[in-house]
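Everything below concerns the one structure shown next.
The values are calculated or read from the model by the stated rules, or taken from the named source; none is laboratory data. None of these values were measured; they are calculated from a predicted model. Backbone-built Cβ (ideal geometry, glycine too); neighbour counts: all protein chains shown.
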Amino acid sequence: MDSLAEIAVDPMLPRVARVARRVRELADTWTLELVAAEGERLPGYAPGQFTMMYLFGVGEIPVSISGDAADARRLVQTVRAVGKVSEAVTRLSKGATLGLRGPFGTAWPVEEGYGRDVVVIAGGLGLAPLRPALYQLRRERQKLGRLVLLYGTRRPDDILFRRELEGWRRQLDMEIEVTVDHAGADWRGHVGVVTGLIPRLRIDVENAVALVCGPEIMMRFAAGALHDIGVPEAAIHLSLERNMKCAVGLCGHCQLAGSFVCKDGAVMRYDRVRRLLGLREV
Amino acid sequence: MEGLERIVAEHPLFVGLGPAFITLAAGCAKNTRFDPDQYLFHAEDAADWVYLVRHGRVALEMVTPGRGAVTFDTINEGDIVGLTWLLPPYRWGHDARATELVRAIALDARCLRDKCEADHDLGYALMKRFLPVLVQRLQATRLQMLDVYGQPG
């Protein structure tokens with residue numbers, strides 16, 4: 001029989017976590033703060049990684065980690081209710097237990113930003129997997145050149161982590177531009193697609209790093225616009241989303257040409273996936 | 001170069017345009033400003049001016065029954081407000097409202113059209129500068145129409 005230590009690192013075996021707090025972010029989006037159940041411990045992770053969240057008797061889904069990787073006491077994950085499992089996850093109350101596998105996947109290359117300008121571009125819920133990178137970038141702010149966040153979402157009511165963004169903007173140590181697709185007359189900010197903000201960036205384009213996460217079509221246009229202004233393709237990193245099931249590169253559900261998004265991604269370099277982004281899937 | 005010519009020449013839309021063309025375009029220009037919530041123009045008005053924004057932000061709006069004014073785009077410093085001055089029937093299709101103090105160069109559209117008609121080289125040079133703006137906004141509109149942040153499926 002396997003030892004307990006071996007079982008603990010089996011990537012197919014969920015560990016049990018408990019909901020310590022749940023926060024409603026948007027009408028259909030919740031953030032769960034998870035702590036280890038008795039006798040368990042939470043996994044460490046790097047910004048950009050995800051877990052497989054298992055609701056006993058319901059099913060399992062991949063969920064982005066949206067918290068601070070430096071906080072080992074809690075695992076913070078943001079979930080949008082879009083299907084049977086995610087709806088059930090967002091209904092979990094404080095004290096409820098769930099299974100967790102992982103973390104899985106590649107990380108945002110935060111260290112590549114040292115000595116360079118860093119542009120973070122988020123669309124909609126894509127801000128959630130970027131938030132751990134933003135925590136680290138802000139903590140290591142003195143190592144970076146300019147730090148810019150461009151965030152696009154649907155309407156002013158759909159701005160994720162709004163209070164936190166407002167706080168960061170007040171601290172004046174990074175530039176934050178938020179744009180929405182549609183707004184009423186009371187909105188004083190930008191309206192229009194997030195890619196429209198890219199030509200206005202005042203950065204050292206040849207020496208910049210870009211981290212991009214959002215709907216894939218938005219990422220495709222954002223990466224193209226970044227390259228148009230001079231950011232090298234190899235310096236643009238995207239977080240892709242596919243149908244992750246096993247999360248360890250075995251089942252093939254998330255296969256993208258010769259890569260498995262769960263294992264070789266989700267964070268991937270634009271120059272390596274550019275040609276694949278426009279392909280129709282069979 | 002005179003003050004207004006210099007300002008026109010420095011606007012991103014006209015950077016690199018030959019001095020003779022700048023003089024022609026600046027001959028149709030005047031400085032203007034709009035206070036917060038003041039309208040630059042309304043839908044269905046004659047498209048008699050095109051605005052080169054030097055400072056501030058302009059919201060492009062349409063009034064929708066039951067929803068009031070809906071902003072579908074904002075125009076910032078260095079960009080232009082108004083593209084329908086280029087083509088008949090020269091009427092605005094939306095409202096344009098300053099959301100903060102806006103300083104702009106207003107180009108008399110009729111004057112500009114007449115000069116483009118008289119000097120096709122100027123017309124072609126301007127067309128090459130306005131057309132990319134039009135295409136960029138068309139592509140942005142397509143992306144907006146896809147509603148990529150909405151519920152999947």
The one condition in (1) polar (S, T, N, Q); (2) within 16 Å of the chain's Cα centre (by Cα); (3) surrounded by fewer than 18 Cβ atoms within 10 Å (Cβ to Cβ) that A:Ser93 fails to fulfil: (2)
B:Ala140 being of a type outside the set (D, E, K, R) and modelled with pLDDT of 95 or more: no
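Does region A:45-78 hold any residues that are part of a loop (DSSP other than H, G, I, E, B), of a type in the set (Gly, Ala, Ser) and closer than 18 Å to A:Ala266 by Cβ, and which are they? Steps first, answer last, please.
Going residue by residue through region A:45-78, those that are part of a loop (DSSP other than H, G, I, E, B) are A:45-49, A:56-58, A:66-74.
Keeping just the survivors that are of a type in the set (Gly, Ala, Ser) gives A:46, A:48, A:57, A:66-67, A:69-70, A:72.
A:Ala46, A:Gly48, A:Ser66, A:Gly67, A:Ala69, listed by residue number.
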Only one of B:Ala59, B:Ala104, B:Ala118 that is away from chain A (no Cβ under 14 Å), crowded, with 17+ Cβ neighbours inside 10 Å and small (Gly, Ala, Ser): B:Ala104
Residue in region A:44-57 that is modelled with pLDDT of 95 or more and surrounded by fewer than 17 Cβ atoms within 10 Å (Cβ to Cβ) present: no
Cβ pairs under 8 Å, 6+ apart, first in region B:123-152 and more than 7 Å from chain A (Cβ to nearest Cβ), second surrounded by fewer than 14 Cβ atoms within 10 Å (Cβ to Cβ): B:Gly123/B:Glu117; B:Ala125/B:Gly18
Filtered residues of region B:81-101 (kept if surrounded by 16 or more Cβ atoms within 10 Å (Cβ to Cβ) and within 14 Å of another protein chain (Cβ to nearest Cβ)): B:Val81, B:His94, B:Asp95, B:Ala96, B:Arg97, B:Ala98, B:Thr99
Evaluation of B:Thr64 against (1) surrounded by fewer than 16 Cβ atoms within 10 Å (Cβ to Cβ); (2) more than 14 Å from every other protein chain (Cβ to nearest Cβ); (3) at negative phi (one fails), failing number: (2)
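Report the residue count in region A:135-168 for those that are assigned to a loop (DSSP other than H, G, I, E, B), surrounded by 18 or more Cβ atoms within 10 Å (Cβ to Cβ) and among the charged types (D, E, K, R).
1
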Strands (runs of 3 or more DSSP E) contained entirely in region A:169-282, each with at least 1 residues that are in contact (Cβ under 8 Å) with a residue 60 or more places away in the chain: A:208-213, A:236-239, A:267-269
Hits in region A:140-168 (condition: in contact with a Ser or Thr (Cβ under 9 Å, 6 or more places away or on another chain), in contact (Cβ under 8 Å) with a residue 40 or more places away in the chain and hydrophobic (A, V, I, L, M, F, W, C)): A:Leu150, A:Leu160, A:Phe161
Residue list for region A:204-233, restricted to those being crowded, with 20+ Cβ neighbours inside 10 Å, away from chain B (no Cβ under 14 Å) and under 21 Å from B:Arg137 (Cα atoms): A:Leu226
Any chance A:Glu140 is within 9 Å of chain B (Cβ to nearest Cβ) and closer than 23 Å to A:Met268 by Cα: no
Of all residues in region B:82-98 being part of a loop (DSSP other than H, G, I, E, B) and touching a residue at least 24 places away in the same chain (Cβ under 8 Å), the one that is farthest from A:Asp181 (Cα to Cα): B:Tyr90
Residue under evaluation B:Ala43, criteria (1) closer than 27 Å to B:Leu24 by Cβ; (2) more than 14 Å from every other protein chain (Cβ to nearest Cβ), criterion not met: (1)
